[in-house]
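Student: Handing you this structure, nothing more for now.
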Protein chains: 2
Amino acid sequence: MSEESTREADAAAAEGRPRKRLRADAQRSTDALLTAAAEVFATSGVDAPVREITAKAGVGAGTLYRHFPQRSDLIAAVFRHEVDACADSAPSLAARYEPAEALAKWLQRFAGFIATKRGLSAALHSGDPAYDTLPSYFEQRFMPVLGALLDSAAKAGEIRSDVDPEDLLVATRNLTLPAQEDDNGHTPRMIALLVDGLRYGAPAREAR
Amino acid sequence: MSEESTREADAAAAEGRPRKRLRADAQRSTDALLTAAAEVFATSGVDAPVREITAKAGVGAGTLYRHFPQRSDLIAAVFRHEVDACADSAPSLAARYEPAEALAKWLQRFAGFIATKRGLSAALHSGDPAYDTLPSYFEQRFMPVLGALLDSAAKAGEIRSDVDPEDLLVATRNLTLPAQEDDNGHTPRMIALLVDGLRYGAPAREAR
DNA sequence: TGCTAAGCGGAACACTGTTCCGTATCGTTC
DNA sequence: GAACGATACGGAACAGTGTTCCGCTTAGCA
C-alpha cells in the first residue's frame, strides 16, 4: 500500500488541509490508529470509547487528537482507508484469476466490506460536513474498479455484456442487508448466485 | 388535565407495569419531569444531559431514575404526554369555533407538535423496545380526533366529505418537513392553503 | 554529532450517566 | 391530631467518557 500516503494527501488536498509529507513516526501513529479504529469500529461500533482505540493502537490520547481532532475525522479516514483497501484488491485478483472468477471474488470482498458498515448510516446522516464527500468517494473508487472487472469478463466472453456496474454495486450491497449476525453463509451464497446469473448470458455459452 | 393520570395508568397497564395510584409528591415530580424534559428536548434534543432536565424540574437525579429508569422511558413518556395534550386540545377548539375553523386551528396545532419532533426519528429507529408502541399510540389518539373534526365540518357543509383522515395527517406532517429554523411562517401558510382546499368542494359552496 | 521542530504519552480536567442511602414526606390508623 | 410504616426525595459520590495540556522524546537535517 505504498500509494496510500499519496491517496491520503489527495483527500487532504481535496478538503483544504495542508498537503505535507508526514514524519516517519507520525505516519506510523496514523497507520496504527486507522488499523485499530477499523477493528474497534467493527466490533464495538463507531461510538466506541476513544481509549479502546488508543490502547489497541499503542498510542496516547494526545496522538489521536493530533491527527484526528474530531471523531468524524477518524471515522471518515477509516472509511476511506477501507474503501481504498477494497478497491485496491481488484488488480491483484484480476492478475491471479480468470476474469469472471476475479469478478466473483471481488464482489465477495466488497460484500465483506459493506457488512462492516452497519451503524455507519446514522453517522452518515448526522449532518456533519466531514462526511459530505464520502458517498462520492465511494462511487469514484468503486465504479471504475467494478467497471474494469466487468469489462474484462465480458471481453473474455465469460459473462454477458449488458450489466451496469452501478446496478451490480447496489444489488450486492442490498444482498448483505438481510444478513443477521450468523447467517450461515447466506450472503456469499447469494452473491455466487448473482455471478452465475451474469455467466448465464455469456457469449461463450450462447455460442455452443 | 385530570384524566392524565388515568391515561398514564392505561399506558402503564398496556406495558405490563403495575397499575397503581401515585403518591401526591410522586405525581408532582413526574409531572415536573415531563414538562421540563419536553422543554429541554425541544431546545437541546433528546440527548440533553440528565442534570439539565432535573435542574429545570427542580428535582434530584434519584427522582428521575426512580420514575424513568431508562432514558427511553422518559422519551416515550414525554412523547405520549405531548400526543395527549395535542389530541385533547381538539374538543375545546371544537367548542369555541365553527367546525372548519376548529379543524384549521387543530391542524396548525398538530403541525406545531410535529415540528418539535425532529431528532426523534433516530431514537425511534434505535431498536429499543420502549418505542415499539409509540407509532400505534400516535395513530390511535390522532385518527379519531381528526376524524371527528372532519366529520363535523363535513356535516355542517363547510368542507367536502371525501377526505381520508390518514391522508390529511400524513400531508400535514409532510408539510412541516421542509421548514427550516426560521421559515417565516411557511408551514402555517401551507396548512391554511390545505384547509382552503378542503373548503373548496364543500356542499354549502356548490349549492349557491 | 548536535540542533530544532515535530510529535508523543498519559496525567489531569471537565462533564456525563448512574447508584446509594440518610432524610423528608405522605397516607393511614388509632 | 399524633404516631407510624411505606414511599419518595435529594444530592453527594462513583465510574466512565471526551478532551486538553505540557514536559519529554524523536526524526530529519546541517
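Student: Hey, what's the range B:30-79 come to in accessible area per residue, 1.4 Å probe, Å²?
Tutor: Using a 1.4 Å probe on heavy atoms only, each residue of the range B:30-79 averages 48 Å².
Student: When only C-alpha pairs under 8 Å and at least 6 residues apart count, what is the relative contact order of the range A:55-208, in percent?
Tutor: 27
Student: Quick one: compute the contact order of the range A:103-177, relative version, from alpha carbon pairs under 8 angstrom and 6+ residues apart, as a percent.
Tutor: Worked out over the range A:103-177, it gives 45 percent.
Student: Defining the label point at 7 Å along Cα→Cβ, can you sort the distances from B:Asn174 to the same site in each other copy, shortest first, in nm?
Tutor: Distances to the matching label points in the other copies: 2.2 nm.
Student: Given label points at 7 Å from Cα along Cα→Cβ, what nm distances, shortest first, separate A:Pro49 from the same residue in every other copy?
Tutor: Reported distances to equivalent positions: 2.0 nm.
Student: Now for a different question. Can you tell me what the convex hull of the Cα atoms of the range B:82-208 projects to on average, as an area in nm²?
Tutor: The number I arrive at for the range B:82-208 is 8.2 nm².
Student: Right, next: Could you give, in nm with one decimal, how far B:Leu124 is from each other copy of that position, shortest first, with labels 7 Å out from Cα toward Cβ?
Tutor: From this label point to the equivalent ones elsewhere in the assembly: 2.1 nm.
Student: Which order do B:Arg189, A:Arg80, B:Arg109 take when ranked by solvent-accessible area (1.4 Å probe, heavy atoms of all protein chains), largest first?
Tutor: From most exposed to least exposed: B:Arg189, B:Arg109, A:Arg80.
The values are calculated or read from the model by the stated rules, or taken from the named source; none is laboratory data. From a predicted model like this one, the values you see are computed outputs, not experimental measurements. Heads up, the Cβs are rebuilt from the backbone with ideal geometry, glycines too, and the neighbour counts pull from every protein chain shown. Only protein heavy atoms, including side chains, enter the accessible area calculation; ligands, DNA and RNA are left aside. Shrake-Rupley method; radii C 1.70, N 1.55, O 1.52, S 1.80 Å.
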